[in-house]
Structure formats: structure tokens, C-alpha cells
There are 2 protein chains.
Amino acid sequence: MSKKMNYNYAFVFYDVGEKRVNKVFKVCKKYLSHFQKSVFRGDMSPSKLINFKSDLNKVIDKEEDFICIIKLMNDSVFGEEVIGHSKNSTGEDLII
Amino acid sequence: MSKKMNYNYAFVFYDVGEKRVNKVFKVCKKYLSHFQKSVFRGDMSPSKLINFKSDLNKVIDKEEDFICIIKLMNDSVFGEEVIGHSKNSTGEDLII
């Protein structure tokens with residue numbers, strides 16, 4: 001992807017080993033809002049992204065863990081539909 | 001969100017009761033590509049979306065389950081970064 005876009009919003013999904021879940025959760029929580037299970041979202045400027053990735057790299061095992069960051073220009077480039085009901089599966093403040 | 005945009009791509013996250021996970025997985029798989037754990041993605045035209053939601057509504061329990069569809073114009077409006085390694089998390093059986 002060589003295109004240059006100005007990304008300022010992100011969705012983050014992770015799939016990490018059990019031992020590191022809490023650490024990764026805390027790093028994500030520091031930068032983003034918890035959205036659903038292992039999904040976070042929120043404003044993410046390029047400079048914030050650098051710090052976020054640096055923090056993640058300190059806690060994950062690169063051989064075992066997988067984290068995907070989907071970057072968007074802002075929160076108005078996507079639409080959202082929810083089906084069903086949120087039973088606060090995050091145990092946190094579920095932000096929809 | 002009253003804006004009218006032409007969405008043709010989607011990310012789907014779900015958090016559904018254990019008994020319905022396989023059914024929801026199959027519906028998502030019919031329309032999209034499995035991306036990670038309970039996350040799917042792929043082309044999703046407005047008409048396909050109608051069928052997708054109709055199929056989902058047949059299998060979920062609206063009181064218990066939660067499905068979120070993030071709609072994007074196409075697959076070039078987002079950037080993507082992966083940290084770590086995918087250990088075949090799409091092995092179809094890994095649903096957390």
C-alpha cells in the first residue's frame with residue numbers, strides 16, 4: 001500500500017496468548033476505547049500510533065500474538081449497524 | 001447518521017452465545033472472508049447486506065447476541081498494519 005493517506009482513526013483486533021491478554025488490553029485501553037471483546041476503536045493520530053505500536057511491541061510475543069490495526073481517515077468514513085443486543089460482554093464500558 | 005454513502009465493503013464482529021456460534025460463523029462465511037477469530041471482512045454491496053442481515057436474523061438470539069457491521073466505501077479507504085504473527089487464527093475453530 002503505497003498510497004499516502006491521513007489516518008486519524010483506528011480499529012484494533014487482537015488475538016494474543018492468554019498470559020499477555022491483560023497487558024495488551026491495558027495498552028489498547030490507554031490509547032483507544034474498548035469496543036467489543038478483543039476489539040478496540042478510537043482516534044489515532046499518526047504520532048499516537050507510533051507510541052501505541054511501541055507499547056504493544058513491549059508486551060507481545062511476536063511469534064505467538066497477532067494484532068491488526070485498521071486505520072481510517074476519521075470516524076465519518078464508515079457506517080455502522082448493530083444487530084442484536086449488547087449484554088456488556090466487555091465487562092467494561094461498551095462504547096457503540 | 002443520516003449521510004448517504006455508498007458502502008461496498010464491510011468488517012463484521014460478533015459476540016454470540018456458544019450454541020449459535022457455528023451458525024453465525026457459517027452465515028458470515030457465506031458472505032465474507034474470515035479474518036480473525038470472530039471478525040470477518042469482505043465486499044458487501046447494499047443488496048448483499050440485506051440478505052446477510054436477513055440470514056443473521058434467522059440464527060441469532062436478539063436478546064443475547066451482538067453483531068456489529070462496520071461499512072466502508074471500498075477496500076481502499078483504510079490502511080492496515082499487522083503486528084506479530086498470524087498463527088492460523090482463521091483455523092475456523094478458534095472462536096473466542
(request) Could you please give the count of residues in segment B:36-45 that are farther than 15 Å from B:K71 by Cβ and assigned to a strand (DSSP E or B)? (result) 1
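Taking the stated definitions as given, is A:V24 touching a residue at least 40 places away in the same chain (Cβ under 8 Å) and in a helix (DSSP H, G or I)?
It is true that A:V24 is touching a residue at least 40 places away in the same chain (Cβ under 8 Å) and in a helix (DSSP H, G or I).
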(message) Looking only at segment B:75-86, how many residues end up being of a type in the set (A, V, I, L, M, F, W, C) and open to solvent by 20 Å² or more (accessible area, probe 1.4 Å)?
(response) 1
(request) Would you check if there is a residue in segment A:62-74 being in a helix (DSSP H, G or I) and open to solvent by 10 Å² or more (accessible area, probe 1.4 Å)? (result) no
(message) Residue pairs, Cβ under 8 Å, 6 or more apart or interchain, first in segment B:67-87 and farther than 22 Å from A:F66 by Cα, second surrounded by 15 or more Cβ atoms within 10 Å (Cβ to Cβ) and polar (S, T, N, Q). List them.
(response) B:L72/B:N8; B:M73/B:N8; B:N74/B:N8
(message) Take the residues in segment B:8-18 that are part of a loop (DSSP other than H, G, I, E, B) and at pLDDT below 95; name whichever of them is surrounded by the most Cβ atoms within 10 Å (Cβ to Cβ).
(response) B:V16
(request) Being surrounded by fewer than 22 Cβ atoms within 10 Å (Cβ to Cβ), more than 8 Å from chain B (Cβ to nearest Cβ), among the β-branched types (V, I, T) and farther than 22 Å from B:D75 by Cα narrows it down to one of A:V21, A:V27, so name that one. (result) A:V21
(request) Give the residues of segment A:30-57 that are in contact (Cβ under 8 Å) with a residue 24 or more places away in the chain, charged (D, E, K, R), open to solvent by 40 Å² or more (accessible area, probe 1.4 Å) and more than 7 Å from chain B (Cβ to nearest Cβ), sorted by residue number. (result) A:K30, A:D43
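The values are calculated or read from the model by the stated rules, or taken from the named source; none is laboratory data. Since the structure is predicted, the reported quantities are computational estimates derived from the model, not experimental observations. Quick reminder, even Gly has a Cβ in these numbers, built from the backbone with ideal geometry, and neighbours come from all protein chains shown. Quick note on the areas: whole protein, heavy atoms, side chains included, nothing else; ligands and nucleic acids left out. Shrake-Rupley method; radii C 1.70, N 1.55, O 1.52, S 1.80 Å.
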